[in-house]
1. For segment 465-483, name all the residues that are outside any loop (DSSP other than H, G, I, E, B) and either over 33 Å from the mean Cα position of the chain (by Cα) or not aliphatic (A, V, I, L, M) (or both).
2. Exactly one of these conditions fails for residue 342: (1) part of a helix (DSSP H, G or I); (2) surrounded by fewer than 24 Cβ atoms within 10 Å (Cβ to Cβ). Give me its number.
3. Output yes when any residue across segment 358-372 is of a type in the set (Phe, Trp, Tyr), surrounded by fewer than 22 Cβ atoms within 10 Å (Cβ to Cβ) and under 26 Å from residue 238 (Cβ atoms), and no when none is.
4. Just to be sure I understand, how many residues within segment 1-39 are farther than 18 Å from residue 267 by Cα, in a helix (DSSP H, G or I) and without any contact (Cβ under 8 Å) to a residue 40 or more places away in the chain?
5. Where residues in segment 452-482 are closer than 19 Å to residue 132 by Cα and touching a residue at least 40 places away in the same chain (Cβ under 8 Å), which of them is surrounded by the most Cβ atoms within 10 Å (Cβ to Cβ)?
6. Any residue at all in segment 116-126 that's small (Gly, Ala, Ser), assigned to a helix (DSSP H, G or I) and at pLDDT 90 or above?
7. For segment 258-287, which residues satisfy the criterion of being farther than 19 Å from residue 36 by Cβ, touching a residue at least 60 places away in the same chain (Cβ under 8 Å), of a type outside the set (Lys, Arg) and part of a helix (DSSP H, G or I)?
8. Taking helices (runs of 4 or more DSSP H) that fall entirely within segment 145-247, which contain at least 2 residues that are modelled with pLDDT under 90, farther than 26 Å from residue 79 by Cα and within 22 Å of the chain's Cα centre (by Cα)?
Amino acid sequence: MLEFVQSLNSVIWSPALIYLCLGAGLFFSIITRFVQIRHFREMWRLLLSGKSSEKGISSFQALAVSLSGRVGTGNIAGVAAAIGFGGPGAVFWMWVVAFLGAATAYVESTNAQIYKEEEDGIYRGGPAYYIEKAMGQKWYAWIFAFSTILACGALLPVVQSNGIGDSLVNVFGNGGTVNSFLGELALTKVYAAVFIVLLLGFIIFGGVKRIASFTQVVVPFMALAYIIIACSIIALNLDMLPGVVSLIITDAFSPMAGVGAAIGWGVKRGVYSNEAGQGTGPHAAASAEVDHPAQQGLVQAFSVYIDTLFVCSATAFMILITQQYNVVPDGATEAIVSNIALATEINGPAFTQLAVDSVLPGVGKPFIALALFFFAFTTILAYFFIADNNISYINRTFKKPFLRFVLKIGIMAAVFYGTVAEPSAAWVLGDIGVGLMAWLNIIGILIIFFMAKPAIKALRDYEAQQKAGVEKYTFDPEKLGIKNAELWQNKK
């Protein structure tokens, strides 16, 4: 079975998907005249303004929900894997995919706002909705919806919970073992799995409002604490920072692990981390209460910066400054760089834990384990929210109330398995989930652009109102030639 999923993963994450992610980001950057740079100040303004309503959450809450999906195990274990398999140069390609991906995030999130719907008193939306309404292909939308339920309800949570279990073993050890149908399991992981599943089961019955409230408090706190520790370590070794940046840039173009490994692992882990183009962020974006769709598109574009340029860079700098890493290209029998024990797991948080622990002995490993718990757990909640959104989409024409119950049981089972599983097995499943969604969503938003250009029309309309100095922004889809945006038309 492991060989089969590894083969499937190699097909999904072929070089074609790598270049599709980079190419789409470059294309939308040019088309929007690099919206991620021009409207940077406006992103900040929108982030701090806006209010929630009975139907939708605020821009900041929507950002928090999407960040809870973006800021996760990928920021700690994913960066370590990118360096371990692709070399320091992989970090540069993570930066590239984040910068270009911010434009992709604007387009997909603005589309989600334009074509959102109101269901049971709250806003719902996402790629399935805008694929059906803008592209007019309901079959394609259904494929995306089912793929997203599979990815977010079963595949992606495995990686997040695995990071928690792995980090706790690095702190407490195995704590003994127990035999099961899954093989020999570390008791530390089993105890962690039971706790996480019970906590998850309590929260997921509260709905989107409870998820938004929880993440609004936890995400900024955990990100701030993590960045403070990272910046402190960087500040204590400031003299080494220029050399580390030079190493990243030099290795990006003359990679020790090979060009394919550096770009491939940088883009793969970059997309896994910031999720630009994957199609997860638009679900939270659609739930926001805003005056104009472009506003939430800009806020979501900014979240890519927070995730990769802030959090991932902080992790990479810590690992490289403290030299707590190895470089072993995937499939290689010998290490290119060997700074720590070769038995150290690359597909996990070990590099990051060792980096912090080398500066703060006895503190690093437990602190990273705690931070990883909050990062990963809120990401799991975001995955549930996304999968639930797609069940709502399916239930519009195929009303089966039991689907939500199946989702809840399924995601709890996936979390338990992920916590106790081996990292290599967990990451393969996660990569399949990310790649499957990215293929479907990026192709979808490219087709939608050439058919109707809704996100670009919305951006031009927003910029025109901005230039006119209006006091309150409005959105009239009919005036802009955007069809099937019923909610906005009715609001007008």
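1. Those that are outside any loop (DSSP other than H, G, I, E, B) and either over 33 Å from the mean Cα position of the chain (by Cα) or not aliphatic (A, V, I, L, M) (or both): 465, 466, 467, 468, 477, 478, 479.
2. (1)
3. Yes: segment 358-372 contains one or more residues that are of a type in the set (Phe, Trp, Tyr), surrounded by fewer than 22 Cβ atoms within 10 Å (Cβ to Cβ) and under 26 Å from residue 238 (Cβ atoms).
4. Residues meeting the conditions: 6.
5. Per the criteria, the residue is 455.
6. No, that holds for no residue.
7. 260, 261, 262, 263, 264, 265, 272, 283, 286
8. Those helices (runs of 4 or more DSSP H) span 187-203, 207-236.
The values are calculated or read from the model by the stated rules, or taken from the named source; none is laboratory data. Please read all numbers here as calculations on a predicted model, not as lab measurements. We place every Cβ from the backbone using ideal geometry, glycine too, and count neighbours over all the protein chains shown.
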